[in-house]
Amino acid sequence: MRTFLLIVALLIRAATLVAQQTYTGEISGTVLDSRTLEPLPQVHVMVMERPGTGAATTSEGKFRISGLGVGTYSLRISAVGYTSQVLTNVVVTTGRILPMLIKLDQTTIEVEEVTAEALYFGRAQQLSPVSANVVNRSEVLRMPGGVQDVQRVLQNFPGVASSTDNMNELIVRGGAAYENLTLLDHMEIPSINHYSNQFNSAGPINMVNADMIEDVQFSAGGFSAQYGDKTSSVMNLTVREGNRSRAFASKTAMNMAGIGTLVEGGIAEGRGSYIFSIRNSLLEVVDKIMGLSTISLTAVPKYWDMQTKIVYDLSPSHTLIVNGLYGDSRINLSGDPQEEDALRKNILDSSSVQNLYPRIRQLTAGLSLRSLYGKIGYSMVTLYTSGSTTNIDIHEDFAVRSRGPAGEVLSHKVISTRRVFSNNGSEAFVGGKFELFLKPHPRHDLAAGMQILTSRGWENEVYIAPDTARYDLDRNGTFETGPVIMPEGVFYQHVGFGDASKYYLFVSDKISLLPRLHLTLGLRYDNFTYSGSGALSPRLALGYALVPGTAMLTFATGRYAQVQPFPFFFDRRGIGYNRSLSDMRANHYVLGLDLVLGRGLKMSLEAYAKQYDRVAVSEDFIYSVVDTFWSDRYLTTGERQSYGVEFFLEQKQVEDLFGTVSLSLSRTRERDPRIPPLVDRYASDYDYPVILTLIGGKVVKGVRSWLNDAPFYLKYPSYLLPISDEMEISLRYRYQTGRSYTPKEYVRWKQIREGGVTWSHGAWRDSQDHNGARYADYARLDLQWLSRFYFSTWNINVYVALMNVLDRKNVFYQNYRTDGTVETVYQFAFFPVVGIEAEF
């Protein structure tokens with residue numbers, strides 16, 4: 001770690017000494033019609049900070065603006081018949097030139113009716129008129145606390161909660177993490193994260209290189225019929241093309257999350273492009289060089305990922321696109337039998353210590369053909385496959401320990417070792433997708449499509465170690481029943497090619513009823529052949545411009561159906577009683593108001609309600625009042641409701657300031673499915689009544705030049721810091737209500753066999769007060785400092801991120817020990833992240 005920090009310090013020192021000259025760069029890109037993807041000629045692209053500087057697009061919709069000094073700019077894009085836009089935070093460097101892709105929306109409103117303040121907030125790339133936001137690549141890269149992880153950036157939007165710092169999961173308006181749809185260049189994939197699983201698409205680290213993102217469209221509800229088989233949200237990632245104007249460009253990055261290289265360039269004399277990224281865990285590299293003890297960690301995440309996109313124009317109207325994403329993640333989590341415990345002084349105790357060895361590999365690959373039909377529209381045909389392989393082994397060591405006066409372990413001896421769980425599985429599917437987007441009439445935007453996904457192979461082999469318990473049913477100290485032995489579970493599941501298929505069809509039409517009134521009607525049908533379930537989902541959305549471009553009133557409603565998580569369909573005995581599970585359903589109702597308050601300043605206010613039914617519930621929980629009852633059957637009898645109001649204030653980068661305020665007030669409750677019910681409703685696992693996120697930042701210019709002319713006692717010490725002539729200083733504060741949980745009670749009338757050697761003193765069991773308690777509220781403050789250093793043909797970006805600056809102890813979970821004591825485990829404490837990027 002010291003070596004890494006020394007390298008960073010030397011590079012910063014070199015940069016501050018050399019990068020003092022004035023350099024220039026350029027901005028280039030393409031402007032398209034948002035509905036037809038037709039290139040737009042004669043579009044005016046003007047640099048707002050340089051009056052009179054700009055360019056007009058060619059017949060191919062391309063533009064180039066040269067001779068700009070390095071720094072950050074805003075662009076104004078305007079064309080007759082289209083809504084103008086202002087794009088902020090456009091960075092000009094001496095290194096790579098990143099061509100921009102700009103999409104303009106056709107308009108029927110007279111230009112003079114739209115105020116200049118409204119131009120900062122275009123709707124051309126939003127998924128729906130309600131609950132939708134778009135972030136671009138530069139916003140993902142700069143966001144404090146996001147560590148260049150797209151899902152952690154999306155957590156800043158209203159209605160999005162996260163259970164722990166360890167995961168980038170999206171808990172959207174009372175929905176589970178597996179209720180979120182993820183699309184990568186039109187491909188529906190289970191996850192874009194390392195260490196994900198079938199019940200949670202999230203993970204601690206994202207596999208997608210943020211520098212390969214064009215933009216991310218996110219909808220928290222009320223989305224159109226084009227998107228389905230999910231009941232909460234949509235995250236649609238568009239991967240950018242490589243730079244066609246240069247044969248080779250690169251970016252190499254090194255930070256605490258990983259080390260990697262991105263390369264890109266044009267092929268076939270500009271008829272196509274390539275972009276390729278490969279990254280590896282930096283901590284793994286440090287471990288190999290210096291050893292685990294040097295970096296003070298008991299376990300090192302070991303992962304690498306690879307991503308690519310190749311684009312080739314078969315003709316001016318037909319483009320072939322190849323996408324690929326691969327990730328390999330593993331880690332060894334070993335318990336420490338010599339861990340000190342101040343609650344256990346001067347005693348001889350015994351304990352089971354578990355060791356976890358997971359490895360997960362994921363692959364997605366696809367081929368798309370994009371066909372343009374001029375002013376009428378375009379179509380996309382996509383063939384793709386996605387799959388994952390999971391290998392998890394958990395072993396348990398049972399040890400006897402002698403402890404000293406401070407609770408330290410003086411000696412220990414492992415008495416027995418056994419395997420308690422293993423899961424070796426793989427799942428893969430192959431699919432085809434067709435989407436058609438047409439504008440047959442000035443008042444109609446029509447979309448239609450279909451997709452079929454079929455199993456390419458699904459294997460799941462699970463081992464569960466036998467368990468032994470005994471019970472004192474009449475609580476008199478004598479164990480009447482026992483030992484009760486639950487035999488080991490060994491079961492195998494197999495779904496062959498074509499045995500399970502999902503398909504859907506949809507049609508949607510956005511109708512301009514009046515110049516200020518838009519109506520979107522949609523219908524979707526989904527079917528899952530394995531369970532035989534099908535669902536028809538109608539959708540409706542309205543948008544009315546109270547003041548064109550300044551005030552918009554929106555409403556959306558619809559039905560959303562989702563196939564249950566795939567493992568729910570199987571049972572340990574292979575009987576098949578879970579095979580016919582019905583789809584989970586949710587009805588969405590969203591009412592919103594958008595107000596543009598000033599230059600780059602917009603306020604959004606939304607109220608929503610979601611009604612779930614057919615939620616899968618374990619029969620084991622339904623009859624949990626019976627102490628000895630056990631079942632692995634699922635019943636779709638659950639009901640959930642979520643409702644709330646959300647406030648969002650966004651300031652685009654104007655006059656070097658930017659920021660957001662997000663406040664969500666909500667409740668998510670579930671009807672008690674237990675027999676007999678003990679309450680009417682209880683708090684859901686996804687209930688976070690209050691979520692507040694504050695983000696603020698400022699671009700600071702000219703500090704390095706000022707310090708170079710300052711007295712020596714200011715000038716020379718400043719070389720130790722990453723101070724440049726262009727810096728961004730930002731912060732993020734997040735507060736949310738603590739996570740709900742079910743209190744446990746320690747009983748002595750039940751004992752379990754520890755390590756197959758000795759009986760425990762008692763056992764923990766869930767109380768009947770389901771989710772009746774909460775952990776302490778969560779709060780965290782992050783700071784970030786980003787500096788850019790420019791050279792003649794390349795540049796360096798240095799950032800320092802300070803996570804959890806106040807070192808707040810946020811609860812992760814509680815560890816319930818078999819001796820009746822409880823250990824509280826906390827989330828991330830204060831930790832710094834230092835990174836450096838070189839662009840050529």
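The values are calculated or read from the model by the stated rules, or taken from the named source; none is laboratory data. None of the values given here were measured: they were computed from a predicted structure. Glycine gets a Cβ as well: all are built from the backbone with ideal geometry, and neighbour counts include every protein chain shown. With ligands, DNA and RNA removed, areas are computed over all heavy atoms of the protein, side chains included. Shrake-Rupley method; radii C 1.70, N 1.55, O 1.52, S 1.80 Å.
A few points about this structure:
- The value for the range 702-803 of Rg(Cα) / (2.2 N^0.38 Å) is 2.17.
- Whole-angstrom gap from the range 527-546 to the range 356-385, using each part's C-alpha centre: 22
- Evaluating 6.51 cos²θ - 1.76 cosθ + 1.60 at θ = phi - 60° for every residue in the range 668-677, the Karplus couplings come out as 10, 10, 10, 6, 5, x, 5, 10, x, x Hz, glycine and proline recorded as x.
- Solvent-accessible area of Tyr23, all protein chains in place: 30 Å² (probe radius 1.4 Å, heavy atoms, ligands and nucleic acids excluded).
- For the range 354-398, the residues whose backbone nitrogen is under 13 Å from a point 7 Å from the Cα of Phe421, taken along Cα to Cβ, are 354-358, 392-396.
- The stretch between Leu546 and Ala365 holds 60.7 nm of extra length on full extension. This uses 0.36 nm per residue minus the Cα-Cα distance.
- The range 674-730: Rg to Rh, with Rh as the Kirkwood radius over Cα pairs: 1.61
- Here each label is just a point 7 Å from Cα along the line to Cβ, and for Leu473 and Asn708 those points are 8.6 nm apart.
- Cα long-axis angle, helix 2-18 against the chain (0 to 90 degrees, to the nearest 10): 10
- The dipole here belongs to the chain: it is taken about the Cα centre, uses +1 on the Cβ of Lys and Arg and -1 on the Cβ of Asp and Glu, and is about 720 debye.
- Percent carbon-and-sulfur accessible area, the range 560-621, ignoring ligands, DNA and RNA, probe 1.4 Å: 54
- Assigned charges on the beta-carbon of Lys, Arg, Asp, Glu; the range 694-840 dipole about Cα centre (debye): 420
- In angstrom, the C-alpha Rg and Dmax of the range 640-717 are 24.8, 79.
- Cα radius of gyration and Dmax for the chain (Å): 28.4, 92
- Taking every DSSP helix (H) stretch of at least 4 residues in the chain, weighting each as -39,500 (n - 2.57) and dividing the sum by the residue count yields a mean residue ellipticity at 222 nm of -1500 deg cm²/dmol.
- Normalised by 2.2 N^0.38 Å, where N is the number of residues, the alpha-carbon radius of gyration of the range 361-420 equals 2.75.
- Spin-label pair Val833/Leu410, simplified geometry with 7 Å Cα→Cβ offset, distance in nm: 4.5
- Put a plus charge on the Cβ of each Lys and Arg, a minus charge on the Cβ of each Asp and Glu, and nothing anywhere else: the dipole of the range 420-472 about its Cα centre is then about 480 debye.
- In this entry, the range 229-279 is assigned a mean projected area of 5.7 nm², taken as a quarter of its C-alpha convex hull surface.
- Cα-projected label distance for Phe555 with Gln814, points at 7 Å along beta-carbon direction, nm: 4.6
- Residue-normalised accessible area of the chain, given per residue in Å² at a 1.4 Å probe: 42
- For the range 412-562, the average shadow cast by the Cα convex hull is 19.6 nm², which is a quarter of the hull's surface.
- For the range 545-643, the share of alpha carbon pairs falling in successive 5 Å distance bins from zero is 3, 11, 15, 14, 12, 10, 8, 7, 7, 6, 5, 3, 1 percent.
- Measuring r between the beta carbons of Glu823 and Ser315 and using R0 = 60 Å, the FRET efficiency lands at 0.40.
- Computed over the range 162-276, the ratio Rg/Rh where both radii use C-alpha atoms and Rh is Kirkwood: 1.04
- Going by accessible surface with a 1.4 Å probe and the largest first, Arg808, Arg732 read Arg808, Arg732.
- For the range 697-840, carbon and sulfur atoms together expose 60% of the accessible surface, with a 1.4 angstrom probe and every protein chain in place.
- The convex hull defined by the C-alpha atoms of the range 480-563 has an orientation-averaged projected area of 12.3 nm².
- Summary of the geometry: the range 237-286 and the range 60-107, compared by the centres of their Cα atoms, lie 22 Å apart.
- Long-range HN-HN contacts of Leu473 with modeled amide H, under 5 Å: Glu480, Thr481
- Computed log₁₀ I(q)/I(0) - Debye formula, equal Cα scatterers, no solvent, the range 337-445, q 0.15, 0.16, 0.20, 0.23 Å⁻¹: -0.81, -0.86, -0.99, -1.12
- Expressed per residue, the C-alpha convex hull volume of the range 716-757 stands at 266 Å³.
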